[in-house]
Every structure is written in structure tokens, then in C-alpha cells.
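Only one structure is covered here, and it is reproduced in the block below.
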Amino acid sequence: RAVTEVFVSLYEEGLIYRGQRLVNWDPVLHTAISDLEVVSEEEDGHLWHMRYPRADGKGFVVVATTRPETMLGDAAVAVHPEDDRYKDLVGKEVELPLTGRTIPVIADDYVDPEFGSGCVKITPAHDFNDYEVGQRHDLPLLNIFTVDAALNDNAPEAYRGMDRYAARKQIVADLEAAGLMEKIEDHKLMVPRGDRSGEVVEPYLTDQWFVKIGPLAEPAIKAVEDGRIRFVPENWSRTYFEWMRNIQDWCISRQLWWGHRIPAWYDEEGNIFVGRSEEEVREKYASRLTPDTSLSRDEDVLDTWFSSALWPFSTLGWPARTGDLETFYPTSVLVTGFDIIFFWVARMIMMGLKFMGEVPFREVYIHGLVRDSEGQKMSKSKGNILDPLDLIDGITLEALVAKRTSGLMQPQLAPRIEKATRKAYPDGIQPYGTDSLRFTFASLATQGRDIRFDVGRIQGYRNFCNKLWNAARYVMLSAEANDLDINKGEVELGLPERWITTVLARTMRTVEESIAAYRFDLAAQALYEFTWDEYCDWYLELSNTTLGDEAATEAQKRGTLRTLLGNLEVLLRLLHPFMPFITEELWHRVAPRLDRQGKTIMLQPYPAAAEAAEDESTLAEISWLKAFILGVRRIRAERDIPPARPLAVQVTGGSKEESVWLQRNRARIRFLARVESVTEVEKEPEDAVVALAGAMTLLVPLANLIDPEAELERLEKELNKLKTDRDRTAKKLDNESFVARAPAEVVDKERHRLAETTASLDKLERQYQRIRNLVNQGV
């Protein structure tokens, strides 16, 4: 109803008309296609130089063409008006070989005097540029092709019924036999093919329906110019303007079986009557029609983008003024690919402004196209298309081969596609699940033009799903193991609780800002890093130091459990748009523990960064604690010391603040680093392995623990790394231009970094020399 209403309204306003014009014709699908459905690629071809005898018998002119078969439809030969070679020829006639016709020589600025001989054949019915020339010079339109691109009855009898390429071969042979072929050159040219059939399309003269697009395009351009519609990224607006400012009338009729049938009827004389139904037509045109007049409906259908252009308001009930239409139009944002900005986006804007008087959406988020791992566009002909359902559910190799090779428009490609498929997926595709696939695409959604997609990327995000599931399982088991009502009673939040809540608050802010900027990749990255690196890898371990401590009070344990569950519940809501299924399942297990009710996580409020509490003082302390624990763990790993073997750690140096942190976190260090003691010493032992935690040096005595030679090798690598970092920073600070132009805080940061690196180098060099002395002494 909406499509019919729009068609009739535009027709009555004079913005839809039927006319005979050149269109892109697909000789396989037997339909007109738009310019954007034509894919032009450079191919090897030839340039034929043909002799056209002058009608006055004074020799001949040579014309060059890449399509000799279309010469049978020539209406003129054109030369440039300022080309002195042919000035005396303009206005005279030449014989059109093989046809018995003569055609005029005309002058037109379209001709490039440098191309070929400077003489160009003009075939208005079979070339878009020639059509424009023909309109300027009132040349006849002679269509020589059938719908199958074979020669029709307008061609000389000898060529009728021939396929265009067979006709080309015969015409070239006949011209050569008549001595009218000057020469043939190799030539590269752009060949237009239909994007569905892959067949070379023909400029074809036919009756079609058109939209007079200028009056609709002008307000659509202004809507983007004045900011009522914003493209994200903004640079796509330039593409939009380029298309819209060079727009041509839109051919909207298609010769297909499926689609919205054009609401036009014809009487036996071919007169056109447009209306919403045959009954309306008879009533509307009663003065021209009798009850006995036979009417037949137009058999063409509308271009699919005609109906798609109405999507923002037709789906809401238009042309009726429904409640949904009043509530939801205009919409907020359209998410789409850059390849259909003109196909769809521009046309929705034009139709929305025309029929609703308002833009259909405020923002247009343009995402990239998904390409394969080698950067090639996915297409059936290449056999590199992946069905999301196959990635979600998995598929065997044989089923994948059958799926890719069945129903091909070009069956000859099947062997090549099968070979490529067997090579790429020898074991088929394992099931990855919906959530991991969704999160993969979110993480790839940069604001670049293309997305390179590799199945291997999904594996990592399936592991992420497993990590989240196992973390939730651990949290629920911890809650069950501690018989506490976490929603009632006194709560004491320790350092780890205040820290993880602060990190979560910062993550919420990053996610909020990233989604607002349509940087879904940055939002996904922030959630991944918080979940994996902070919550799972650190906070779950840190929470154990409280829950596993018999000396911990109920208030402390309650604070830890409430933080474990509360932060997990917030995290599930943050992750839900990216991973809807696993978060829905887990939320129903976690939320009741927090006395939170609801039928679905979808109806819960999305976490707002402004509501989250932060305790900045915890960040530096936990960062130092991490460095301490990782330093001890690195010593174990590099010396192959079993985790169960307790270590006696000595510490020296460090700031007063770090000394306070050490005293506060001794229990956590003993538990997480598996050390039996941490002792502060004044003097560094000469036979110890070294690690750094901020300004503090960690030392594990060498005795029976390590190979001194291996320790020297390790220290050498670390020293080289620090020296490289020191030299790079020093060079930057020696650059007067950098110091003068960079913000003061950036310069200060680099100076602080140089000081820290230099101090660390000094410590490691002293340790290296001590161990070198021990080795030299044979210790």
C-alpha cells in the first residue's frame, strides 16, 4: 500500500514518468540494472581501426572502436570542431560499410582528437556518451540488438540472429575482405558486467519508468549540509555529496518476476493510466475509458530500492498516521555498509523528506565490509563466503563444499571453489557459538573501510566466553561456600574491592564513550581487558586472600562477596549487547544472589559511568602489588623453581609509600606469590636474583636456586632492553624541537621515564657485576 501510494503520488506530481532511454541491460537476466549494479574492470581487448568511404568518392576516414559489431547502428561520425584535419569534412556524408546507408559527419566537443584517428563513430542507441551526442545533434536512435544481445531485424540480413560476439567476428572478417580494415591493435579497456550474472551489460534502448530525481535530491543534500543528518565517520558525507550532486534520473522499472508490480494500466492503443487499483483507474479516467475498455496491467516490477527507500516510515504503518509512526519517526541511527550509501541511504533520505517532511534518521553509522583473511571481497564466484550460521553451529567439509558449489550462476566455477574450500577448511568448521562470533565482529568494527576476517579470530573469543563462564561459576561456588547473607549486615571493603570497583568504573566510562562514538571495537576491547586481565586474572585471586583467611571478619568477607557478585552483575549488563546469550543465562544465576529481580537482563538499565564510585588511591598500590607478585613469579619461571617451593624474599630500597604498601600487603604477597617470608634489608646480598617493583628491589638469594651463568644471560637481555629504552627517551629529550613544541606534561612524563629507566639500569648493572664477580671467583 505504501509503495503504491508513493508511486501514484510522484506520478501525479510529474516526478515519475515513462520514457525511452538507454539503460544498462543484462542480456542474461533480461532486465535493466542501475549503474551501481554494474562492475567495471579492466580487461584485455582490441582497438579496430575501420575505413568509412566518403560519399563523394574522395577517399575515406578512419574510425577506431572497441566494439565493431555496434557499427551497424551508427548514426554519424564525429570529429572535434577545432581539429583542422577534418574541418572540410563536417557536414558531408560517409558510407557506413556493410549496410548500404550513408551517415553525416558532425562536429562535437565530446571527441578527443588525440584518441585513435580523431574520428569517432556515434551509435546513440548503444553507448551512453553517444546517446548524449545524438540528443544534441538530433540523430536517429537505431537499436540493433534483441534482449539476448543478438542482432535484430534492424541489422543487415546477413547478421540477423547472430550473437553479438559471433557478429563481431563476422563483421571484422567482412571488413577485411572488403579492404576496409585499417589495422587492429591490442588495447586494455574497462568492461562493464552485471554484478549478479557476471555477463557484459549492454547500453540498451527500451521503455522504462523513471523518477525525476533532481527535485528530491536537493533537499536531501541540504539535510546533510546543515547537520540534520550526520555521517559517522564524517568523511563518508563527501561520498554522499559526490553522488547526489551528480545524480541522474532513476530508472525504477525492472523486468523481473518478483517485486512490487508497477500500478499502471494500458488500453489497447497503449495509453497509460496510473492509479492505486484498476477500479480507481476506471473511476479516475472515466472520461477516457468506457466500461468495455480492456485494460492490462504493466508487467514490470519496481527496483527493490524503491520500496526499501520507504523503510523508515512504511514499517511504522504509513500511509496511516499510526501511533508507532508518531512515536518512532524520525529514528535515531541507521547502521549500514558504505557500498549502499547511494542505493539505500540517499533514497531513504529523499523519500523521508518528501513524504514525512522530516529526515528519517539523525545519524548514519557506516561500517566496513567484511573481507576474507587475504583482504579479498567475499563473493560466491571466489568461493570465500562464510555463512554466520556455519560459524555458529559448525559444518563438515563435505557439507561446506556442497553448500558453496550448489546453485552457482556460473557452474564452471564449481571445481575451483571446491579446491579452495578443501584447502582452507580441511577439517570443516567447528562450532563457535553466537556470542563468540558477535564479540569477534564487534572487536573488528574499526572505522576503517574493510574488515579482514579470519576464522581463527573466533577461537580467542570463544575462549573469552569460557573464561567468563568459569569466572561466574567460581563466584557462585564462593558465595555458596560462605554461609553469609551478603545483602544484610555490616560491610567492609578492602583494598582489592575498592580497586576493582574503580577499574570497573573506568571501564564503564570507556565503554560509554566508545559506544557514543560508534567505536564498538574500543568498547569490546575495554570489556575484554577488564574481564580477562583485571577481574579474572587478579581480582578473583585477590578475593581468595580474604575469603580463605580464617582471621577475616564477616564484614570483610561480606564486602568481598558483595563486590565479587555486584561487579560481575554489572559486567554482565555491560557485555549483554555484545554477548546476549551467555550473559542472559549467567545473569539469572547471579542477580537473585543480589536480590535483583527481572524477567530478562534485556530490561535492566544499562550501567551508567556516572553512577560508579572510584577510589583513585588504590590504583597505584595495586599496580605496585602486581609488580611485586609478578616479579617473584618471573623469578620462579625463569629459574624453573616449582610453585610449591617457598621462597625467602628480601627487599631493599623503595619509597616510604612502598614500604607502607609492603606492610599492608604482606599476607596477600605470601598467599599469591608463595613466599615464606619477606624481609627488608639494608644491603643487597651479592648472590641473589633480582626483580623490580617500582623503586623497590626484590632479591631471592641464589644459593642452590639458580645457574649463575643463566642469571648473567638473563640480566644481559634486561640491561640491553633498558639501555635501548633509555637511549630512545634521551634522544627525544635532546631534540630541541620536541621539547619546545610538545605539551609540558608530555615532556615531564618523558623526563620522569628517563630518570626511572636510568635508576633501574644502575641497580641491574650493580647486580650484574656482583654475579660476574662470583662467577670469576668460582663460587
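Numerical summary
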| quantity | calculated |
| --- | --- |
| Long pairs among K377/K403; K169/K212; K721/K749; K488/K626; K557/K683; K626/K717, criterion Cα-Cα beyond 30 Å | K169/K212; K488/K626; K557/K683 |
| Tensor-based shape of the stretch 282-349 (alpha-carbon gyration tensor, a/c under 1.5 rounded, otherwise prolate or oblate) | oblate |
| Relative contact order for the stretch 576-694, counting Cα pairs under 8 Å that sit 6 or more residues apart, in percent | 28 |
| Sorted peptide list for 66-78, 507-519, 199-211, criterion being average Cβ within 10 angstrom, highest first | 66-78, 199-211, 507-519 |
| 13 Å tail of the calculated P(r), the stretch 40-93, as % of Cα pairs | 68 |
| MRE, 222 nm, helices only [DSSP H, n ≥ 4, -39500 (n - 2.57), over the chain, to nearest 500] | -13500 deg cm²/dmol |
| Mean separation of Cα contacts under 8 Å, 6 or more apart, over the residue count of the chain: relative contact order % | 8 |
| Debye intensity ratio I(q)/I(0), log10, the stretch 625-779, q values 0.20 Å⁻¹ (C-alpha model) | -1.25 |
| Orientation-averaged projected area, Cα convex hull of the stretch 78-166 (nm²) | 6.4 |
| Ellipsoid equivalent to the stretch 365-488 - semi-axes via the Cα gyration tensor, in Å | 39, 18, 10 |
| Gyration tensor (alpha-carbon) shape descriptor, the stretch 146-208, a/c threshold 1.5 | oblate |
| Most to least accessible of F464, F738 (protein chains only, probe 1.4 Å) | F738, F464 |
| Among L504, T697, A620 the positive-end extreme of the charge dipole of the chain (Cβ point charges) | T697 |
| Point-charge dipole on Cβ atoms (K/R +1, D/E -1) for the stretch 1-78, about Cα centre, debye to 20 | 560 |
| Relative contact order %, the stretch 10-76, counting alpha carbon pairs below 8 Å whose residues are six or more apart | 17 |
| Unit charges on C-beta of K, R, D, E only; dipole of the chain, Debye | 2100 |
| Rounded to whole Å, sorted largest first: equivalent-ellipsoid semi-axes of the stretch 144-279, Cα gyration tensor | 40, 28, 13 |
| Hull-based mean projected area of the chain, where the convex hull spans the alpha carbons, in square nanometres | 51.2 |
| Two-decimal Rg/Rh across the stretch 454-552, once Rg and the Kirkwood Rh are taken from alpha-carbon atoms | 1.04 |
| Positive-end residue of P580, F671, A648, charge dipole of the stretch 575-718 with Cβ unit charges | P580 |
| Burial ranking of peptide ranges 493-505, 312-324 (average Cβ count within 10 Å, highest at the top) | 493-505, 312-324 |
| Protection proxy ranking of 694-700, 421-427, 236-242 - average other beta-carbon atoms within 10 Å, highest first | 694-700, 236-242, 421-427 |
| Percent breakdown of C-alpha pair distances by 10 Å bin, ordered from the shortest bin, for the stretch 319-391 | 16, 35, 24, 19, 7 |
| Principal axis dimensions, largest first and in whole angstrom, of the stretch 302-451 by Cα | 55, 34, 27 |
| Placed amide H near R101: partners under 5 Å, 5+ positions off or other chain | L96 |
| Nearest-10 value in Å² for the accessible area of K749, using the 1.4 Å probe | 150 |
| Given charges at beta-carbon only (K, R positive; D, E negative), |dipole| of the stretch 663-767 in Debye | 620 |
| Under 17 Å from K723, Cα to Cα: aspartates and glutamates that are on another chain or at least 8 residues apart | E713, D734, E750, E756, D762, E765 |
| Antiparallel content of DSSP bridges confined to the chain, in %, to 5 | 75 |
| Amide H partners (placed H, <5 Å) of N384, local residues excluded | S379 |
| Under the Karplus curve 6.51 cos²θ - 1.76 cosθ + 1.60, θ = phi - 60°, whole-Hz ³J(HN,Hα) for the stretch 541-548, x wherever Gly or Pro sits | 5, 5, 5, 5, 5, 8, 5, x |
| Accessible area (Å², 1.4 Å probe, nearest 10) - I184 | 80 |
| Backbone HN-Hα couplings from phi across the stretch 588-593 [Karplus 6.51/-1.76/1.60, Hz, Gly and Pro as x] | 5, 8, 8, 4, x, 5 |
| Radius of gyration, Dmax [the stretch 219-351; alpha carbons; angstrom] | 19.0, 59 |
| Leading residue at positive end of dipole, the stretch 284-407 (Cβ point charges), from G337, M378, G407 | G337 |
| Viscosity 1.567 mPa s, 4 °C: Kirkwood-radius Stokes-Einstein D of the stretch 7-65 over Cα pairs, µm²/s | 78 |
| Cα-based reach from K92 at 23 Å (exclusive), listing lysines while leaving out same-chain residues under 8 positions away | K58, K121 |
| Compactness of the stretch 611-653 as Cα Rg over 2.2 N^0.38 Å, two decimals | 1.61 |
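The values are calculated or read from the model by the stated rules, or taken from the named source; none is laboratory data. From a predicted model like this one, the values you see are computed outputs, not experimental measurements. All Cβ positions, glycine included, derive from the backbone under ideal geometry; neighbour counts span all protein chains shown. These accessible areas exclude ligands, DNA and RNA; they are computed on the full protein's heavy atoms, side chains included. Shrake-Rupley method; radii C 1.70, N 1.55, O 1.52, S 1.80 Å.
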